[in-house]
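Working notes for the structure below.
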Amino acid sequence: MQERYAPTEIESAAQKHWEATNAYLTVEHAKNADGSEKPKFYACSMLPYPSGKLHMGHVRNYTINDAMYRQLRMKGYNVLMPMGWDAFGMPAENAAIKSKVPPAKWTYDNIAYMKKQMKAMGLGIDWSREMAACDPKYYKWNQWLFLKMLEKGIAYRKTQVVNWDPVDQTVLANEQVIDGRGWRSGALVEKREIPGYYLRITDYAEELLDEVKNNLTGWPERVRLMQEHWIGKSEGTRFAFTHDIRDAAGQLIQDGRMYVFTTRADTIMGVTFCAVAPEHPLALHAAATDPALAAFIEECRKGGVTEAELATRDKEGLPTGLTVVHPLTGAAVPVWVGNYVLMSYGDGAVMGVPAHDERDFAFARKYGLPIRQVIQAEGQAFSTDAWQEWYGEKQVARTVNSGKYDGLGHQAAVDAIAADLAAKGLGEKRTTFRLRDWGVSRQRYWGTPIPIIHCEACGPVPVPEKDLPVVLPEDLIPDGSGNPLARSESFLKCVCPQCGKPARRETDTMDTFVDSSWYFMRYTSPGNDAAMVDGRNDYWMPMDQYIGGIEHAVLHLLYARFWTKVMRDMGLVKFGEPFVKLLTQGMVLNHIYSRKNEKGGIEYFWPDEVENIYDAKGAIVGAKLKADGSPVDYGGVGTMSKSKNNGVDPQSLIDTQGADTARLFVMFASPPEQTLEWSGSGVDGAHRFLRRLWSFCHANRARIQAALGRPAPADWSSASQAVKLLRRDVHAILKQADYDYQRIQYNTVVSASMKLLNTLEDAKLEGETGDAALAEGTRILLSVLYPIVPHLTWQAWLDLGYGQAHGDLLDAPWPQLDEAALVTDEVELMLQVNGKLRGSLSVPSSADKAAIEALAVAHEAVGRFLEGRPPKRVIVVPGKLVNVVG
């Protein structure tokens, strides 16, 4: 065993050994030595996008997974930890536009580099199961299941409203629209209706909601609430305002009914206007003869199309000049076009009740529309001057100014009004969901081709199953002027599978959420080119532990749950929920330093470029550049980002201080689910601890090796008090560490390991029994720390000789707790005199209160501090302290 801790040499040797022995190859139904089957455990991290390099968030995420993998393997589980690549998507296209290199080359180069980094971290990944979303062998099954969904009616085609960049000739995601303009071209974005494919996730809304509310007990509560909110179940009433508005051909628009949905039917008598979406048929009809309205509708076409965007947009509108008929009073109700109404949500129209809806209140005040109170809370005065919270309250209020419904509570009024609407044939109670069907068509190149052929004679025709996969050409280079597939004759040209005539392929590709909706199941069935999944999936799934960022708490998890249920209903799997437990790890934060430059822009500086300025309490209040002493603004801590120069390169850290140092720091600095603040001094401290551990092992190698060459003590009862105290501490720490591994609190596992090293260093051990206790304690320390620090512990285990007695550390059995070691002959109590600590008192563990009092009074420290006075009383706190009061 070399004297100096050399992480580069140690880590290289460990990784070469693991690779040479294929240490992480995982098989189904693994057996114990006695022939019994090991229990399985599937732990998986959310797969990364191959952007070029790992960041510290990756390091933290994968170390959490790796620590779990290694500890459970030692506990006797058959554990699977795979890895793959979420390899399709816009970043590759953007990089291609910039570098003029095909997205495929950029992606595969990044995968190779990031895989190398993962291996350098010492992750126990079974690389035989690796997948990449851009591999035709993988996305073939995206296409296959899409066609099966099409057969079942789960997938369907309809027009959709999208953000269209007229310069780049492409559809933009909502986040790519900035102030109404395309993020790259700067062109004013248009709203266009184009055909696309949807998946009927709404058919599963009730089940998705029920499961998340009642069964996913292993998920964080806040994630369950986020899912519940996104699904958004509402109990309400759908009803119609009638009208006699006709189109140019004299036909009633929408059969003379404008439908709305409301959860507040009790406020229907307070309707003073209705608002429709800019794309609503009534809005378009009115705009045909109203240039100002037409211009307004055109303006509404700019910007995003999500609820989130509309929530922050100024609420604006214009009257259409049209009216509809109130279904209960017969009064004429004016129709407005509102920029806050979405055609894709509900029926594209809402009833306006300004007195009892805050948004409607603001809209009515802005445009001078009537505000009619129909709900009254006892003891509250109503005014149209300012909105008050009780205006929207339903539980403590009763109806007023509502004719026959006056005096009714919320539910009674809803029931009565719904019944009257139903009797008129104009409405009914209905359950609706905020969730909308999943649009999977993307007008982009780098994604899974949608397996549809367009024929002038036959229309859209599914690609025959035997012709899958439809392979995406990997040599195209986007230039920002639209989807290059639309200009690739070799891809476009084909023949119709039905009539044999010339046809063209669909150029839309699938949403990348499709790729990530089932990849974790493909890990379980690698190499099967004949089936999407096989019986191995039934062995591993559902997944026991899923690990990933909170930013994926809604859409990714929701789509994965939906995809799983579809596969279940098609007989492909036997379960309905994919993830038993979920851990959402916190973000990695670092300090941010910046200042404005001469042009008014913000210039960011790396933390190692500045020197902090502290106030009297030690808080950072500013900084200055080390180079010239010029002042720099301190922006607090924030998520690591390349753009803010506050990221930390894991590779640089691995190269200088070792992967074990990086792993130890990210596990020790914070509990896994909380944010982690980066600290250079903390990293240095982690490295110092590892050097100490190595030095301790080196210094005691002869004693440990000698002890391992002798039979271990069968009975420790005759050991010295020092040995018994050491074993008590060692096994107490082991017990706590075992519990902390179970609850995924790796920060306290590290602190327990540090405490254990201190205990071993301070122990005064003599003789062969002392050597045996030292060897046992060191074995337990290396075992406890190994899942987090695998390289150093593996090498020390080998060098000290534990491998001969216990096998390779990777599969060495988890140390067994000796409950007897926790019971000692003596207990050490804190000794206080008049409430102040004056030393310690060792008493027999069997001593009663009277015996402890007598020993305390006889202690020399008591006589010294009481100056010979007799004690007035003695207070004993069992197992903790004794206080002599004089």
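Summary table
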quantity: Hits in segment 497-541 (condition: farther than 19 Å from Glu465 by Cα, in contact with a helix residue (DSSP H, G or I) (Cβ under 8 Å, 6 or more places away or on another chain) and not in a helix (DSSP H, G or I)); calculated: Ser516, Ser517, Trp518, Tyr523, Thr524, Ser525, Pro526, Met541
quantity: Evaluation of Phe261 against (1) modelled with pLDDT of 95 or more; (2) part of a helix (DSSP H, G or I) (one fails), failing number; calculated: (2)
quantity: Number of the exception - Val580 against (1) of a type outside the set (Phe, Trp, Tyr); (2) at pLDDT below 90; (3) closer than 30 Å to Ile231 by Cα; calculated: (2)
quantity: Sole exception among (1) surrounded by fewer than 19 Cβ atoms within 10 Å (Cβ to Cβ); (2) out of contact with any strand residue (DSSP E or B) (no Cβ under 7 Å at 6 or more places or on another chain); (3) in the same structural domain as Leu785 (by TED's automatic domain parsing) for Arg688, by number; calculated: (3)
quantity: Residue match in segment 415-436 (condition: under 40 Å from the mean Cα position of the chain (by Cα), of a type in the set (A, V, I, L, M) and either surrounded by fewer than 15 Cβ atoms within 10 Å (Cβ to Cβ) or at pLDDT 95 or above (or both)); calculated: no
quantity: Restricting segment 466-476 to residues that are out of contact with any Phe, Trp or Tyr (no Cβ under 7 Å at 6 or more places or on another chain) and crowded, with 17+ Cβ neighbours inside 10 Å, the residue that is nearest to Ala187 (Cα to Cα); calculated: Leu472
quantity: Sole exception among (1) of a type in the set (Gly, Ala, Ser); (2) assigned by TED's automatic domain parsing to the domain that holds Gly346; (3) farther than 26 Å from Thr159 by Cα for Gly218, by number; calculated: (2)
quantity: Selection count where residues are of a type in the set (Ser, Thr, Tyr) and in a loop (DSSP other than H, G, I, E, B), scope segment 1-57; calculated: 7
quantity: Neighbours by Cβ (under 7 Å, 6+ apart or cross-chain): first from segment 315-330, closer than 16 Å to His280 by Cβ; second among the polar types (S, T, N, Q) and at pLDDT 95 or above; calculated: Val324/Thr242
quantity: Residues that are surrounded by fewer than 23 Cβ atoms within 10 Å (Cβ to Cβ), without any contact (Cβ under 8 Å) to a residue 60 or more places away in the chain and under 29 Å from the mean Cα position of the chain (by Cα), drawn from segment 729-747; calculated: Gln736, Tyr739, Asp740, Gln742, Arg743
quantity: Answer residue from segment 389-410, given it is at pLDDT 95 or above and of a type in the set (S, T, N, Q) and is farthest from Ala265 (Cα to Cα) among those; calculated: Asn401
quantity: So Asn61, is it under 23 Å from Ala132 (Cβ atoms) and of a type outside the set (Phe, Trp, Tyr); calculated: yes
quantity: Within segment 183-202, considering residues that are in contact with a helix residue (DSSP H, G or I) (Cβ under 9 Å, 6 or more places away or on another chain) and at pLDDT 80 or above, the one surrounded by the fewest Cβ atoms within 10 Å (Cβ to Cβ); calculated: Glu190
quantity: Boolean, Leu558 is in contact (Cβ under 8 Å) with a residue 40 or more places away in the chain and in contact with a Pro (Cβ under 9 Å, 6 or more places away or on another chain); calculated: no
quantity: Residue list for segment 39-82, restricted to those being among the polar types (S, T, N, Q), out of contact with any helix residue (DSSP H, G or I) (no Cβ under 8 Å at 6 or more places or on another chain) and more than 15 Å from Pro650 (Cα to Cα); calculated: Asn65, Asn78
quantity: Every residue from segment 266-306 that is of a type in the set (Asp, Glu) and either part of a helix (DSSP H, G or I) or modelled with pLDDT of 95 or more (or both); calculated: Asp266, Asp290, Glu298, Glu299
quantity: Residue list for segment 120-173, filter: at pLDDT below 95 and under 23 Å from the mean Cα position of the chain (by Cα); calculated: Ala173
quantity: Residue list for segment 570-589, filter: touching a residue at least 40 places away in the same chain (Cβ under 8 Å) and charged (D, E, K, R); calculated: Glu577, Lys581
quantity: So Gly447, is it more than 28 Å from Leu342 (Cβ to Cβ), assigned to a loop (DSSP other than H, G, I, E, B) and either within 39 Å of the chain's Cα centre (by Cα) or not aliphatic (A, V, I, L, M) (or both); calculated: no
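Listed here are the residues, each with its yes/no results for (1) more than 24 Å from the chain's Cα centre (by Cα); (2) assigned by TED's automatic domain parsing to the domain that holds Leu485; (3) among the aliphatic types (A, V, I, L, M).
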position	(1), (2), (3)
Asp529	yes, no, no
Val533	yes, no, yes
Gly548	no, no, no
Ala553	no, no, yes
Thr564	no, no, no
Gly571	yes, no, no
Gly576	no, no, no
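The values are calculated or read from the model by the stated rules, or taken from the named source; none is laboratory data. This structure is a prediction, so every number in the text was calculated from the model and none was measured. All Cβ positions, glycine included, derive from the backbone under ideal geometry; neighbour counts span all protein chains shown.
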